[in-house]
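The values are calculated or read from the model by the stated rules, or taken from the named source; none is laboratory data. As the structure is a prediction and not an experimental result, all values here were calculated from the model. Here the Cβ positions follow ideal geometry from the backbone for every residue, glycine too, while neighbour counts run over all protein chains shown.
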Amino acid sequence: MLAATLQNRNPQANVLRPLLITRRRALAGGFAAILFPFSSSFAADGGEKPVSSGDSANAPEPLTFDRLSQKMAEKAQQPYAEPESALPEIVRDLTYDAHRAIAFRPDHALWRAEPVDFHLQAFYPGWVFDDTATVSIGRDGQYEPHIFQADDFEYRPPLNPAEFDDISFPGVAGFRIHAPLERPDYFDELVTFLGASYFRALGMGTRYGLSARGLAINTATDETEEFPRFTAFYIDAPKPGESSIRLMAELESPSVAGAYEFVIEPGPETVMTCRQRLYFRETVSRLGIAPLTSMFTFGENDGPDHDDFRPEVHDSDGLFIERANGEQFWRPLQNPQQLALSFIGETNPKSFGLLQRDRSFESYQDTESRYELRPSLLIEPIGEWGAGTVELVEIPTATETNDNIVAFWIPEQRAEAGSSMEFSYRMRWGLDVEPAQDRARVSSTLTGIGGNAADTDEEQTTRRMVVNFTGGPAADLPDDAEIEPEIEVTSAGRLLNSAVARLPGGGWRVSLELERIEERPVEMRVKLTMLRRSISETWMYQWTTEA
């Protein structure tokens with residue numbers, strides 16, 4: 001029943017109510033926009049009004065992260081109030097095509113005339129962005145709301161620009177920050193905050209792919225999922241010579257109020273350091289920390305029944321986890337026929353993330369989407385997170401315009417009404433963000449029918465899994481090295497055969513033939529060993545009931 005409910009939700013109704021997120025690639029200058037709302041501001045909701053520098057005698061207490069946290073803690077003690085839309089009718093009633101025709105003027109970008117390494121542009125409200133977020137700019141704890149005007153935007157045909165004259169925007173749909181990423185004389189798009197608590201970033205040489213968000217609440221449960229929103233942003237105006245930019249944000253939903261701080265540093269890996277303090281109005285059944293959202297339509301581990309000229313279509317191809325003891329796991333992604341959930345228990349993980357390991361154009365053959373350039377995103381917890389679970393959610397999809405993969409950390413500590421939590425972590429966005437390891441990595445996962453595939457008269461009831469491991473010291477071992485696979489299969493399946501073979505050009509292949517003995521997913525793990533020592537990372541996989 002849950003799977004059917006998730007699949008049948010309207011992706012445009014009530015904005016991001018489904019798990020299956022519709023992405024509109026033509027919106028926002030090529031950004032694959034996700035549809036999420038924003039809401040109210042610090043100044044507009046009864047907080048202290050900022051004052052000019054000339055009124056220093058009556059200046060409010062600086063808005064530090066601690067003070068913002070105190071404000072959100074006080075908000076969490078009050079009932080949640082849905083934001084009221086105050087957009088003019090002409091803006092509120094924009095259609096998708098009309099909204100596409102509006103773009104921010106680059107020559108109006110904040111700080112464009114200053115000798116700094118960051119520029120800011122806003123996204124226009126309206127269409128599905130009825131709830132807006134405020135943007136305040138300042139420094140050293142003193143912030144003033146920045147009001148965007150109608151002439152900050154270009155209104156292209158078929159719109160009549162005169163109809164939008166004299167409109168101002170106390171709040172906007174979101175914003176993006178530009179910085180010199182590929183070369184020093186050009187400002188590339190670096191990070192975008194747009195919709196609910198969603199954001200995405202780029203590292204050098206990448207194109208937009210997966211997204212992150214501030215928080216996940218009751219994702220893939222039998223309860224209604226909440227999508228908390230960043231309702232107000234406080235952005236530090238950059239100074240000459242600064243290589244990073246800092247901002248704070250308020251987060252709100254019926255169950256939680258939160259204070260967030262981001263420090264963003266562009267580079268080959270763009271690093272975002274996040275600190276968050278959460279204050280719970282209501283008890284949350286399943287809390288997702290550092291949630292990631294991506295797309296996997298088909299890949300090398302799927303059958304050959306895709307009517308598509310491209311061999312693979314995905315923004316990410318696997319979930320990576322590094323345990324506290326340094327052991328590393330790789331779980332290839334799938335596009336299942338029914339909702340699939342995987343739970344990996346851990347204590348104080350070093351890192352986890354959704355990665356795009358396959359960087360070969362030949363694997364995708366897509367000259368427009370360039371999936372081989374989609375960034376990987378690695379989460380590195382700061383401090384001890386304690387016991388918990390990494391959850392992977394895989395949702396059926398028939399099209400690449402849907403984000404159908406979600407991953408996040410579930411703390412063992414329950415989020416009770418009246419309680420609070422704090423988490424800090426780094427996010428690494430880039431082409432290669434994996435931590436170094438001296439063991440072989442999984443380079444491909446292939447699946448097919450078991451038994452003798454050439455015997456078409458025999459009914460095939462088994463499944464074959466083929467895992468290739470490459471790199472590390474194992475690549476240089478002689479062909480007759482005594483490599484042993486360590487294999488675990490849950491009770492829903494039975495391992496019939498296994499074999500290890502040398503790959504041409506280096507690396508090792510493990511082949512498994514399995515039989516299903518129960519109608520539930522079969523979980524399996526494989527790693528290479530030699531002289532009882534691990535020489536590879538651990539491959540994890542789920543054989544679902546329909547495969």
Open item on the list: Looking at the range 243-257, can you tell me whether even one residue there is assigned by TED's automatic domain parsing to the domain that holds SER360 and over 28 Å from SER136 (Cβ atoms)?
Closed with: no
Open item on the list: Being crowded, with 16+ Cβ neighbours inside 10 Å and outside any loop (DSSP other than H, G, I, E, B): is that true of ARG463 here?
Closed with: yes
Open item on the list: Here are the criteria: (1) under 29 Å from ALA98 (Cβ atoms); (2) modelled with pLDDT of 95 or more; (3) not polar (S, T, N, Q). Tell me which single one PRO240 does not satisfy.
Closed with: (1)
Open item on the list: Among the residues in the range 275-287, are any of a type outside the set (S, T, N, Q) and over 15 Å from PRO228 (Cβ atoms)?
Closed with: yes
Task: the range 390-414 - residue that is over 17 Å from the mean Cα position of the chain (by Cα) and either among the β-branched types (Val, Ile, Thr) or crowded, with 23+ Cβ neighbours inside 10 Å (or both) and, of those, nearest to ARG310 (Cα to Cα) - done: THR399
Open item on the list: Among the residues of the range 393-406, what is the count of those that are in contact with an Asp or Glu (Cβ under 7 Å, 6 or more places away or on another chain) and within 15 Å of ARG286 (Cα to Cα)?
Closed with: 0
- [ ] Would you mind stating whether THR206 is closer than 21 Å to ALA98 by Cβ, among the β-branched types (Val, Ile, Thr) and in the same structural domain as GLY241 (by TED's automatic domain parsing)?
- [x] no
Task: Selection status of THR293, among the β-branched types (Val, Ile, Thr) and surrounded by fewer than 24 Cβ atoms within 10 Å (Cβ to Cβ) - done: no
Task: Enumerated strands (runs of 3 or more DSSP E) restricted to the range 72-183, each holding at least 1 residues that are at pLDDT 95 or above, over 30 Å from GLY205 (Cα atoms) and over 26 Å from the mean Cα position of the chain (by Cα) - done: 134-139, 142-145, 153-155
Open item on the list: So the check is Cβ under 8 Å with 6+ separation or different chains; which pairs have a first residue in the range 123-151 that's under 18 Å from GLY195 (Cα atoms) and a second one that's among the basic types (Lys, Arg)?
Closed with: PHE123/ARG176; GLY126/ARG92; ASP130/ARG92; ASP131/ARG229; ALA133/ARG229
Open item on the list: For a quick check of your reading: which strands (runs of 3 or more DSSP E) sit entirely within the range 488-547 and have at least 1 residues that are more than 32 Å from the chain's Cα centre (by Cα)?
Closed with: 493-502, 508-516, 522-530
Task: Test: residue in the range 260-268 that is touching a helix residue (DSSP H, G or I) at 6+ places or on another chain (Cβ under 8 Å), in a strand (DSSP E or B), in contact (Cβ under 8 Å) with a residue 40 or more places away in the chain and among the hydrophobic types (A, V, I, L, M, F, W, C) - done: no
